[in-house]
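Written out below as C-alpha cells is the structure these notes cover.
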Amino acid sequence: MIGVLGGYGAVGGTTARLLAGHPRLRVGGRDGAAARRFVDAELGGHGEAWQVDALDAAELARFCAGCRVVVNCAGPSYLLRDRVARAAFAAGADYVDAAGDTAAFAQLAGTGTRGRTAVLSAGMLPGLTGLLPRHLAALASPNAGLRLDVYTGGLDRLTPAAAGDFLLAGQEERGAALAAWRDGAKVARALTPVHDVQLPYFPGPVTAYPYLSAEAERVAAELGLAEARWYNVITGDGVLAAASTAGQAADLTRAAELELAGRTPYYVLLFQLSGPHGTRTLALRTHDSYALTAAVAAHAARAVLRGEIAAGLHQADAVLDPARVLADLEPVAKIEITEAVAAIDLVAPVFEEGAL
C-alpha cells in the first residue's frame, strides 16, 4: 500500500496519478468527499479514499497503518514539520516528503527513523534545485575553481500551502536573502536584486532576487564550489509587493492569480556551471511547477519501494540518480544541456579608482 497524503491537491493529485499503476493506493486529505471524487474520476475507482487531518494524531495514525510507503504532499511544510514522518515510522512505513524543510530534517535526525527509509525534499524546490547542480558537477572535469549560478522562477499559480511556505522562506533556518557562497563559506549581503533583466529561457524581463537557501548552501559545500549564486526569479512585482506588505497567504495567492491572468504559466530552472574549461548550462522548462514536484515525489517513492535507497534519513538530492530523474521528467518538462549559452553575470564589476 502506498498512502498519498494531500492526495487530491495540486502536487498530491499528480503524484497519485503517477503512482496509479501500483496495486494498492490510498488517497487522503481533510475533505473525504473530495478524496472520493478524485479516486472515482482520476483513478477509475482503483484506490482508497480517506478523510484525514494531518494535524489530528489519531486520524494520521489510522491513515498510515498498513502502508508500505507514505508520500506526504500536504502542507504547508512549516506547519507539519516531522509530524507525518513520525506517524509513518510508528506504523512501520517508509516515508517520502515532496517538501520537508531543514527544521524537519534536523528534528528527525535527532531521534532516528526506527530503521525505516525517509527521503525529504523530494520535489522541485527543494529537490531538483539540489540534484541538478550535482548532475552538472559530475559532467565537469576537473571540479576545482567552479562557479555555479542558479535562476529559478516564473509565472505560476500559488496554492495556499505554497504561499505559506513562500512567506516563511526568509527564516534563517531556511536560507539568507542577498547571500552568496564564496571560498567555502556563506557571505552575507554579497549580492543585490536585479530588476528588468533578460535571462536565457525566460520569456521577457524579470526580477532576479538573490537567496541562498539551506539546500543551496549544503550543496555548494558538498560540491566544493569556489562560488555559488542562487536567484529567485519573479515575473512582475505583484507577488513581491504582497509578500512584503500583506504577510498573509491568501493575499499572496490572489497576487499570483492577478499576475497570471490572461497569460501562459511557465517555470524555469536554469543552472550554469563555469570553470577553467568553459560554461555548461542546464535548463529545465515546464508549464506546471506542481507537476514537476509531483514527478520527483513519485520517482522517489518508486525508488524506495524498489529498495534502491538505504534505511535512514536522506535528502532527495543526495540519494536520487539525476539521469533517471531527468528521464522521468520528460513528460512534463523540456530539458536542455548545452555549452552554447554564454555565462550570465548579474554582479556589477568592481572598478579601481581611475579606471574607465
- Query: Taking the Cα atoms only, what angle lies between the long axis of helix 32-42 and the longest principal axis of the chain, rounded to 10 degrees?
  - Reply: 80 degrees
- To the nearest 10 degrees, how steep is helix 214-223 against the longest Cα principal axis of the chain, on a 0 to 90 scale? 70 degrees
- Item | Cα long-axis angle, helix 249-260 against the chain (0 to 90 degrees, to the nearest 10) | 60 degrees
- Message: Run the Debye formula on the Cα coordinates of segment 65-113, all scatterers equal and no solvent, and tell me log10 I(q)/I(0) at q = 0.17, 0.32 1/Å.
- Response: -0.43, -1.30
- In µm²/s, what is D for segment 1-82 at 20 °C and 1.002 mPa s, where D = kT/(6 pi eta Rh) by Stokes-Einstein and Rh is the Kirkwood radius from Cα pairs? 176 µm²/s
- Per residue value of the accessible surface for the chain (all protein chains in place, 1.4 Å probe), Å²: 43 Å²
- Query: Using 0.36 nm per residue, how much length does the chain from ASP40 to ARG218 gain when fully extended, once their Cα-Cα distance is taken away?
  - Reply: 59.9 nm
- Message: As an exercise, use a Förster radius of 22 Å and the Cβ-Cβ distance of ALA90 and ALA310 to find the FRET efficiency, rounded to the nearest 0.05.
- Response: 0.60
- Message: Considering all projection directions equally, how large on average is the shadow of the alpha-carbon convex hull of segment 2-157, in square nanometres?
- Response: 11.3 nm²
- So how do LYS186, LYS334 rank on accessible area, 1.4 Å probe, biggest first, that is with the largest at the start? LYS334, LYS186
- Task: Under 13 Å from the Cβ of LEU329, count the other residues' Cβ atoms, weight Lys and Arg +1, Asp and Glu -1, and hand me the total.
- Result: -2
- Query: Can you pull the percent of segment 12-94's accessible area that's carbon plus sulfur, 1.4 Å probe, other chains left in place?
  - Reply: 48 percent
- Would you mind telling me which residue in GLY110, GLY100, GLY224 has the biggest mean-square fluctuation in a Gaussian network model of the chain, where springs connect alpha carbons within a distance under 10 angstrom? GLY110
- Message: Per DSSP helix of 4 or more residues, -39500 (n - 2.57); summed, then divided by the residues of the chain. What does that give at 222 nm, rounded to the nearest 500?
- Response: -10500 deg cm²/dmol
- Message: Taking R0 as 22 Å, what FRET efficiency do you get between ALA57 and ARG114 from their Cβ-Cβ distance, rounded to the nearest 0.05?
- Response: 0.85
- If you wrap the chain's Cα atoms in a convex hull and average its projection over all directions, what's the area in nm²? 18.7 nm²
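The values are calculated or read from the model by the stated rules, or taken from the named source; none is laboratory data. Worth saying up front: this structure is predicted, and the values here are computed from it rather than measured. Methodologically, a virtual Cβ is constructed for each residue, glycine included, from the backbone with ideal geometry; neighbour enumeration extends over all protein chains shown. Remember, those area values only see protein heavy atoms, side chains included, never the ligands or the DNA or RNA. Shrake-Rupley method; radii C 1.70, N 1.55, O 1.52, S 1.80 Å.
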